[in-house]
Amino acid sequence: YEFTHALCRLPARSVTDGLRAADQGDPDPMVFAAEHGAYVSALRDAGCDVTLLPADEAFPDSVFIEDPALVLKGTAIILRPGAETRLGEAAALRPSLLEHMNDVIDLQTEGYVDGGDILCTDDRVLLGLSARTNVQGAEDLRPIVEGLGYALEVLQTPPEILHFKTESSLLDEGTVLATPALAASGAFKGLNVIETVVGEEAAANAIRVNEFVFLSAGHPKTEEKLNQAGYSLKVLNTSQAALVDGGLSCMSLRY
Ligand code: CIR
């Protein structure tokens, strides 16, 4: 969770067409841009040099830049997103990755892997199978991840959860924040788990960036729990990302 850089993409006006499991209304592109701006500022405050890519109107969900790529030790792996409207995001991101990363590897697969299903510790990559990530994608990713010195653990995300990291995040080297449902799936062997408070499940899509934990606003009990545990929090509004099933982790590639 120690990062010097982050890559973000401005939200497109077409984010109003973003994918969502349940419709609670379209995000407002102006409000989204303001919330995204605060997120980028928070990354900079936390010590990251942020590269901000232009909006890509062709892809409504392209602000969620974490899904088409995985960065390990400065090497970007271009993934194969599991939603049809997002498949082209991987190729669209490639030139920027070539420019900003030490090395770029293409995942060659006929399967699928979304970055939102991948939680990394210093030496482990936890990959949750989901509607967006399948066994073939996971097994084709394995040699790349192992070649970079990480152990890959393939886990099952409970079916009602979009992405593995929709409901979990790394708080420090030995601790994750997770919803009770994902914690109960047994995915976090060898790690301490702090559970989100019931009714505040969306808080689990958090990120640790250097000394700070970024947490979505509106989860006061989980916020209190993390304060008590000694974490330094930056609380950020994600109301518009939430309307299209996004959260804090999805909006940057940190490296
Ligand atoms: C999607 O359904 O793909 C987007 N609307 C939301 C993606 C969120 N990404 C993430 O959790 N990593």
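We did not get these values from a lab; they are worked out from the coordinates using the rules stated. Everything numeric here is computed off the predicted structure, so don't read it as measured data. Ideal geometry is used to build each Cβ from the backbone, glycine not excepted, and the neighbour counts take in all protein chains shown.
Numbers below:
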{"read-out": "Prolate/oblate/rounded call for segment 1-43, Cα gyration tensor, a/c under 1.5 rounded", "value": "prolate"}
{"read-out": "Relative contact order (%) - the chain, alpha-carbon pairs under 8 angstrom, separation at least six", "value": "23 percent"}
{"read-out": "Sparsely packed trypsin sites (Lys or Arg not before Pro) within segment 215-250, loop by DSSP, other Cβ within 10 Å at most 13", "value": "none"}
{"read-out": "Charge tally in the Cβ shell below 14 Å around residue 55, where Lys, Arg are +1 and Asp, Glu are -1, residue 55 excluded", "value": "-3"}
{"read-out": "Radius 11 Å from Cβ of residue 240, net charge of other residues (Lys, Arg +1; Asp, Glu -1)", "value": "-3"}
{"read-out": "Net charge contributed by nearby residues that have their C-beta within less than 13 Å of residue 111 (K/R +1, D/E -1)", "value": "-2"}
{"read-out": "Integer Hz, Karplus 6.51/-1.76/1.60 couplings in order for segment 211-228, x for Gly and Pro", "value": "7, 10, 10, 8, 10, 5, 5, x, 10, x, 6, 5, 4, 4, 4, 6, 4, 4"}
{"read-out": "Reachable lysines from residue 221, criterion Cα separation under 18 angstrom, eight or more residues apart if same chain", "value": "234"}
{"read-out": "Three-way shape label, the chain, alpha-carbon gyration tensor, a/c 1.5", "value": "rounded"}
{"read-out": "Within the chain, helix-based [θ] at 222 nm, where runs of 4 or more DSSP H residues each add -39,500 (n - 2.57), nearest 500", "value": "-7000 deg cm²/dmol"}
{"read-out": "Simple spin-label estimate for residue 192 and residue 109 in nanometres, 7 Å along Cα-Cβ", "value": "3.2 nm"}
{"read-out": "Three-way shape label, segment 1-117, alpha-carbon gyration tensor, a/c 1.5", "value": "oblate"}
{"read-out": "Separation of the residue 210 and residue 172 label points, Cα + 7 Å toward Cβ, nm", "value": "1.8 nm"}
{"read-out": "Under Karplus coefficients 6.51, -1.76 and 1.60, residue-wise ³J(HN,Hα) of segment 11-16 in Hz, glycine/proline x", "value": "x, 7, 5, 6, 4, 4"}
